[in-house]
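To keep things clear, I will list the structure first and then write my remarks on it.
The values are calculated or read from the model by the stated rules, or taken from the named source; none is laboratory data. Since we're looking at a predicted model, the values are computed, not measured. For neighbour counting, all protein chains shown are included, and Cβ atoms are generated from backbone atoms with ideal geometry for every residue, glycine included.
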Amino acid sequence: MRVNDPDETLQNLARQAAEAMAALHRHGICHRDFRPENILLRLDLSGMTETEVLDSFHGIEIGEVRAIEGYKTGPHAPRYIVFSPDEYLYEHKRAIEKICVIDVGEAYLMSDQPRQDAHYKHEYAAPELILEVGCNVGKHERMLEPGCGAASNVWALACMICRVRTGYCLFWLNDDTMSEAFKRFRAILGRYPNRGQLCWKSGKRRSLKRKMLTRNADFSLSTRA
C-alpha cells in the first residue's frame, strides 16, 4: 500500500477502529481482544481470480484442512488453509486504507455473563482488569475476569491507537506487581481522584478493589471516568 501522508493514513485507520468498536457496542457486543494484531488491512481483489490472488503473495504457504480425529469436515469448511502472510501484507500493492476487525473468539453479548476462561494481553488491560487478576501482572496473557466490559474495550482501543501511532506500548507492565502497575498508570495519566489514592496496606486492598469497580464516574479509574 502506497502512503502519501503516513500521519493522515494512521489517523484514518485509528478512526475506523474506533467506529468499528462503536458499532460492536451499539449491537451489545464486547470484543474483549482489541489489539493491533486483530486489526487487518483489507485488500482490493476485484477482478482477480483465486489463482491470481494466491500468486500475488509470492510464495504463500497453503495447507490441508484436517478434521479432529472422530469428526468430519463440515460442508462449509474451507478447501485449504492459507498460513499468515504477515511479511507480505504490509507491502501488498492491493492493500487499501480500510480495516477489518477479526478474532471474535473472546467476544460476548453484554447482556450475558462473560466467560471466565478468556484471556487478554496485559499491554491493553484496563486498571479494573488488573485489579481482578491479582498482584502479579506477569509477562503473558492472564485469565480474564467478569470486570471486562465496554469501558475496558475503550481503554484497549486507546492503548492500541497509541502503539500504532508511536510504535510503543503506552503501558508496558512486564513483571510489575499490581502496585507497580498502578504507579505506571499514575506517572502517565496523572494523579488519581482523591478518594482513589492507592494504599496497599493489609486490609485496605479489598475495599479499594470494590470502589474501583463502582459505576460512579467521578471515582472510577476505568474509562467510565
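Brief remarks on what is shown
- The condition of being in contact with a Ser or Thr (Cβ under 6 Å, 6 or more places away or on another chain), more than 30 Å from A150 (Cβ to Cβ) and without any contact (Cβ under 8 Å) to a residue 60 or more places away in the chain holds for A67.
- Counting only residues that are among the hydrophobic types (A, V, I, L, M, F, W, C) and farther than 17 Å from K98 by Cα, the range 25-50 holds 3 of them.
- Residue count for the range 1-23 satisfying the condition of being in contact (Cβ under 8 Å) with a residue 40 or more places away in the chain and more than 18 Å from I96 (Cβ to Cβ): 2.
- Taking the criterion of being surrounded by fewer than 12 Cβ atoms within 10 Å (Cβ to Cβ), among the hydrophobic types (A, V, I, L, M, F, W, C) and under 25 Å from V101 (Cα atoms), the residues of the range 51-74 that qualify are I62, V65.
- Residue count, the range 150-189 (criterion: at pLDDT below 80 and either surrounded by fewer than 16 Cβ atoms within 10 Å (Cβ to Cβ) or aliphatic (A, V, I, L, M) (or both)): 9
- If only residues of the range 15-50 that are more than 30 Å from M110 (Cβ to Cβ), surrounded by fewer than 17 Cβ atoms within 10 Å (Cβ to Cβ) and of a type in the set (A, V, I, L, M) are counted, the one that is farthest from the chain's Cα centre (by Cα) is M48.
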